[in-house]
Amino acid sequence: MPRRRVIVTRPAREASRWVADLRGAGVDAIALPLIEIASLEDRHRVEEAWQRIASYDALMFVSAAAATHFFDGASIDAAAHCRFWATGAGTVRGLREAGVPASSIDAPAADAAQFDSEALWALVRSQVRPGMRVLIVRGGDATGQAVGREWLAREIAEAGATCDAVAAYRRLVPAIGEAERRVIAEAADGSAIWLFSSSEAIANLRALAPTVEWHAAGALATHERIAHAARTAGFGRVRVSSPSLSSLVASIESFA
């Protein structure tokens, strides 16, 4: 059986990197971004966070986009006293590109079993003390309101620290054309593997193609929560893989 094409659904900038890495490993991969990253229409909440930056002990970034849009050309000097928390390699890369030194970043190891808030918390829990202040920098909805899981914020609060959140960018359902709609329709028959690293991408796919049935399609998810969303959407074959390149390639090659 010929190898199936892999459809990478991450936001455009990250998708291009994943596609290049997968192609370099011999995988037939294409990008079909299912989340659009957009700037905030009003950055006053981000500017207010920068005005309070001296009061924070740690800044947690949920994605590379969070780092890129939070700094947006600003110097890290005002935040040099902070620890910078990241859940994965892509976010670490975004922080490094923004000028954050590697010695100031806490993130799960490259060979960690998972890359999420739980894995990060296991790493940074010992840093948290009563009275500490943490800022979570994340994405927002179309209006710029911060959205996302609250698990880490609750853990921080239960440890006696104060946790704030700010949206540094917006996550939108992308506009797609006929070429993208054709890819979606053709990939519903199981001839391709959908690679999902976000439950939001699955929700957006369903919004963009509400009449498509997914029971014949296969999906590779980078977390069990995302796999659950894929099964709920109707994908007939769903597997879970670490987002490391070697794990993804092995999972793709063994996909049946």
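Key figures for this structure:
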quantity: Under-5 Å amide H pairs with Ser241, H placed in peptide plane, nonlocal only; calculated: Ala221, Thr222, His223
quantity: Dipole magnitude (debye, nearest 20) for the chain, charges at Cβ of Lys, Arg, Asp, Glu; calculated: 360
quantity: In sequence order, calculated HN-Hα J values of the stretch 78-94 (Karplus, 6.51, -1.76, 1.60; Hz; x Gly/Pro); calculated: 5, 10, 4, 7, 7, 8, 10, 9, 9, 8, x, 5, x, 5, 4, 4, x
quantity: Sites Glu158 and Arg182 - FRET efficiency at Förster radius 51 Å, r taken between beta-carbons, to 0.05; calculated: 0.55
quantity: Phi-based couplings in Hz for the stretch 243-250 (Karplus 6.51, -1.76, 1.60; Gly and Pro marked x); calculated: x, 5, 4, 4, 5, 4, 4, 4
quantity: Amide proton proximity set for Cys163, modelled H, under 5 Å, gap of 5+; calculated: Val134
quantity: Karplus 3J(HN,Hα) series, Hz, for the stretch 112-119 with 6.51 cos²θ - 1.76 cosθ + 1.60 (x for Gly, Pro); calculated: 5, 5, 8, 10, 7, 4, 5, 5
quantity: Amide H partners (placed H, <5 Å) of Ala192, local residues excluded; calculated: Gly218
quantity: Furthest towards positive pole of dipole, Ser126, Gly99, Ala113, structure part the chain, Cβ charges; calculated: Ala113
quantity: Gain on full stretching of the segment that runs from Ala216 to Ala12 - 0.36 nm per residue minus C-alpha separation; calculated: 70.8 nm
quantity: Selected from Ile226, Ser16, Ala187, residue furthest toward positive end of dipole (the chain; charges at beta carbon); calculated: Ala187
quantity: Within a Gaussian network of the chain (alpha carbon springs, distance under 10 Å), most fluctuating of Ser126, Ser63, Ser241; calculated: Ser126
quantity: Inter-probe distance in nm under a simple model that places probes 7 Å from Cα toward Cβ, at Arg23 and Ala80; calculated: 4.1
quantity: Estimated [θ] at 222 nm from DSSP helical runs (n ≥ 4, -39500 (n - 2.57)) normalised by residues in the chain, nearest 500; calculated: -10500 deg cm²/dmol
quantity: Of the trypsin sites (Lys or Arg not before Pro) in the stretch 23-75, those whose Cβ has at most 13 other Cβ within 10 Å and which sit in DSSP loop; calculated: Arg52
quantity: Most fluctuating residue given options Ser198, Ser75, Ser103, as computed from a GNM of the chain linking Cα atoms under 10 Å; calculated: Ser103
quantity: Mean separation of Cα contacts under 8 Å (6+ apart) over length of the stretch 38-172, as relative contact order %; calculated: 31
quantity: Nearest 10 degrees, 0 to 90: helix 224-233 Cα axis against the chain principal axis; calculated: 50
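No lab work stands behind these numbers, since they all come straight from the coordinates. Given the structure is predicted, the values throughout are model-derived calculations rather than measurements. With ideal geometry, Cβ positions are generated from the backbone for all residues, glycine too; neighbour counts draw on all protein chains shown.
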